[in-house]
Amino acid sequence: MAGMATTSFFTAFSEPLFECKRIRPLEVALGLLIVLGISLIAGFERGYLAGLGVALLAAMFASVFPVLNRRLVNQGRMDPLVMTTWEMVGACLVCLVCMPWLDGPGAYGRMFQFHGYDALWLLFLAWGCTIFAYAFYIHLLRYLSAYTANLAANFEPVYGILAAALLFGEHRQLHPGFFLGTASILLANILHPLILRHLARRKNQRVTDS
């Protein structure tokens with residue numbers, strides 16, 4: 001989950017590339033701070049390098065996705081809820097095709113082996129935490145840059161880490177370096193709006209003085 005927080009670093013390059021703009025040193029610097037955090041996590045948590053590699057690959061693709069979504073939303077080509085519907089349907093079809101290859105024979109049968117309230121929890125996670133949340137995220141892309149949106153989304157892995165710690169006690173398996181790396185990721189997220197606010201204040205002050 002921490003590896004997904006590098007999405008903002010990749011977005012610092014993908015957004016200027018697709019929108020034909022200059023790369024902003026501030027965004028790259030904050031992205032490097034997040035990469036430092038990931039390096040600290042990887043350096044101490046040797047057993048999770050495969051998972052971290054998958055997360056980094058996912059983060060690279062995730063940096064392109066909101067940039068393209070933002071272009072579609074700003075061009076008024078599609079409603080955010082309609083976009084979410086098509087994207088979720090596409091993701092579902094890809095998962096269904098890949099299931100036998102990833103989960104072996106009988107994967108489709110095991111898919112519906114629910115226990116207790118599993119089905120209700122899955123519906124809640126699918127609708128409340130994914131579909132409606134993602135539709136609102138796409139709506140916000142009308143007002144925010146893809147970098148800002150992804151930087152804010154970096155807190156999602158932190159929520160997941162805290163939930164895993166509280167519900168399953170998985171924090172006991174983590175080295176202190178993991179928490180140090182996570183702290184640097186949080187620092188980058190906090191610094192971004194503070195620095196932008198400071199730069200905007202200085203710019204307004206120069207305009208007023210002139």
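Using the structure shown, decide if Leu120 is modelled with pLDDT of 75 or more, closer than 25 Å to Ala91 by Cβ, assigned to a helix (DSSP H, G or I) and among the aliphatic types (A, V, I, L, M). The answer is yes for Leu120.
I'd like to know if the range 64-77 contains one or more residues that are surrounded by 12 or more Cβ atoms within 10 Å (Cβ to Cβ), in contact (Cβ under 8 Å) with a residue 12 or more places away in the chain and more than 18 Å from Thr7 (Cβ to Cβ). Looking for residues that are surrounded by 12 or more Cβ atoms within 10 Å (Cβ to Cβ), in contact (Cβ under 8 Å) with a residue 12 or more places away in the chain and more than 18 Å from Thr7 (Cβ to Cβ), one finds at least one in the range 64-77, hence yes.
Of the residues screened, Leu140 is not one that is among the aliphatic types (A, V, I, L, M), surrounded by fewer than 12 Cβ atoms within 10 Å (Cβ to Cβ) and either out of contact with any Gly (no Cβ under 8 Å at 6 or more places or on another chain) or more than 27 Å from Arg24 (Cβ to Cβ) (or both).
Being more than 16 Å from the chain's Cα centre (by Cα), loosely packed, with under 12 Cβ neighbours inside 10 Å, at pLDDT 75 or above and not hydroxyl-bearing (Ser, Thr, Tyr) holds for only one residue in Leu166, Leu196, Leu191, Leu180, and it is Leu166.
Go through the range 9-26 and report how many residues are in a helix (DSSP H, G or I) and either of a type in the set (Phe, Trp, Tyr) or within 18 Å of Phe65 (Cα to Cα) (or both).
At the first step, the residues of the range 9-26 found to be in a helix (DSSP H, G or I) are 9-19, 25-26.
Narrowing further to those that are either of a type in the set (Phe, Trp, Tyr) or within 18 Å of Phe65 (Cα to Cα) (or both): 9-19.
Summing the residues that are in a helix (DSSP H, G or I) and either of a type in the set (Phe, Trp, Tyr) or within 18 Å of Phe65 (Cα to Cα) (or both) in the range 9-26 gives 11.
Looking at (1) exposed (fewer than 15 other Cβ atoms within 10 Å of the Cβ); (2) within 23 Å of Ala152 (Cβ to Cβ); (3) in contact (Cβ under 8 Å) with a residue 40 or more places away in the chain, can you tell me which one Ala91 breaks? Answer for Ala91: the failing condition is (3).
The residues listed here are Pro80, Pro105; of these, the one that is out of contact with any Ser or Thr (no Cβ under 8 Å at 6 or more places or on another chain) and surrounded by fewer than 10 Cβ atoms within 10 Å (Cβ to Cβ) is Pro105. Every condition in (1) modelled with pLDDT of 80 or more; (2) farther than 23 Å from Phe136 by Cα; (3) among the acidic types (Asp, Glu) holds for Asp103 except the one numbered (1).
Among the conditions (1) surrounded by fewer than 12 Cβ atoms within 10 Å (Cβ to Cβ); (2) in a helix (DSSP H, G or I); (3) modelled with pLDDT of 85 or more, the only one that Ala50 does not satisfy is (3). Total residues in the range 55-81 satisfying the condition of being over 22 Å from Leu144 (Cβ atoms) and modelled with pLDDT of 85 or more: the figure is 1. Confirm whether Ala126 is out of contact with any helix residue (DSSP H, G or I) (no Cβ under 9 Å at 6 or more places or on another chain) and either assigned to a helix (DSSP H, G or I) or within 21 Å of Phe65 (Cβ to Cβ) (or both). When the stated conditions are applied, Ala126 does not pass them.
The values are calculated or read from the model by the stated rules, or taken from the named source; none is laboratory data. Small disclaimer: the values here were computed from a predicted structure and weren't measured. Cβ atoms come from the backbone with ideal geometry, glycine included; neighbour counts cover every protein chain shown.
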